[in-house]
Each structure stands twice: as structure tokens, then as C-alpha cells.
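This report concerns only the one structure given below.
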Amino acid sequence: MRRDTIEERTTSGEAETLALAEGLAGRFQGGEVVLLSGELGAGKTVFVRGLARGLGADPDEVSSPTFVLLTAYPGRLTLHHADLYRLAGNGDEVELGLEELPGPAGVLAIEWAERLQEPLWPRPLRVHLAHAGETRRTVRIEEVAG
């Protein structure tokens, strides 16, 4: 499996992380899958809010779906937002039906994507967020080919 880094940037706060994700989502045409990883508080949900804004969905509606597991936000494309934090990583994600998403008129963003048993999509984007200071985050966006 090959990974090509598309972009790596250090953001200085939430607004820059939102803007980075918004710009990325603005180029989406449907069918994209974004696999997010990073420790607690690294900004995964903030990044998803930016994706929502870039897709014309209300970013204020986006919250961590930890207890719901999967939420959809309508916009220019429907943003499907999954959070696998509470899953054991033993194939439970299959019961959510993630392999059937996002469809041609949607985008799928998955927090805690490292809990997936195996990639279910041919060319997902992998976004890793890491703390780089109190409000700074390093964001690495890679395309996985494989």
C-alpha cells in the first residue's frame, strides 16, 4: 500500500484547521473518503467541521458522534461522519454499513480510522493530526493507493 503526501501543514489554531479542511472539501466531487487519526484533542472533529463548511453543510451541527457512531449532514454533498472510538477494532465497523458509504453524492469522514480492520475503499485520504503546542496542530494529508 503506497501513501503519497498531498500536504503537510502546521496550523496555529482552530480557525486555520477549519480553513484547511474547508479548502480540501471545496475540491470534492462526491465519493471521497477521509480517514482521520490522532490522539484525543488533536482536532479531528474540528477538521470535520471544516469539511462540513466546505461542503455547504452547517459546521455548527457537527459534533463528535462518539455515542451516535454515524451522523449525516446535508449540503452540496452529504457529509457522513463516523466515530470509531468506542469500537473494539475487531470488525464491528462492518455493522455500521460503512462499506456502502459515501456513495456518489456523499463524502465519508471517519474519526479514529485506525480502528478499521482494513481499508474498505480504493483511494481514501488519510489525515493525521498531532499536537504541536497548546493551540498548534500538525496536519498531514496523504492519499492511500493500493
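Observations on the model:
- Residue within the stretch 83-101 that is modelled with pLDDT of 90 or more and not acidic (Asp, Glu) present: no
- Unmet requirement for residue 22, which otherwise passes all of (1) more than 13 Å from the chain's Cα centre (by Cα); (2) surrounded by fewer than 21 Cβ atoms within 10 Å (Cβ to Cβ); (3) at pLDDT 95 or above: (1)
- Enumeration of residues in the stretch 25-40 that are more than 11 Å from the chain's Cα centre (by Cα), open to solvent by 30 Å² or more (accessible area, probe 1.4 Å) and closer than 25 Å to residue 116 by Cα: 29, 31, 39, 40
- Residues of the stretch 103-114 satisfying the condition of being open to solvent by 60 Å² or more (accessible area, probe 1.4 Å) and touching a strand residue (DSSP E or B) at 6+ places or on another chain (Cβ under 9 Å): 105, 114
- Every residue from the stretch 41-61 that is buried (at least 17 other Cβ atoms within 10 Å of the Cβ) and either charged (D, E, K, R) or touching a Cys at 6+ places or on another chain (Cβ under 8 Å) (or both): 44, 49, 53
- Hey, residue 60 farther than 15 Å from residue 28 by Cβ, at pLDDT 90 or above and either of a type in the set (D, E, K, R) or in contact with a strand residue (DSSP E or B) (Cβ under 9 Å, 6 or more places away or on another chain) (or both) or not: yes
The values are calculated or read from the model by the stated rules, or taken from the named source; none is laboratory data. Model, not experiment: these values are computed from the prediction. When we count neighbours, we look across all protein chains shown, and the Cβ atoms used for this are built from the backbone with ideal geometry, even at glycine. The area values use the complete protein model at the heavy-atom level, side chains included, leaving out ligands, DNA and RNA. Shrake-Rupley method; radii C 1.70, N 1.55, O 1.52, S 1.80 Å.
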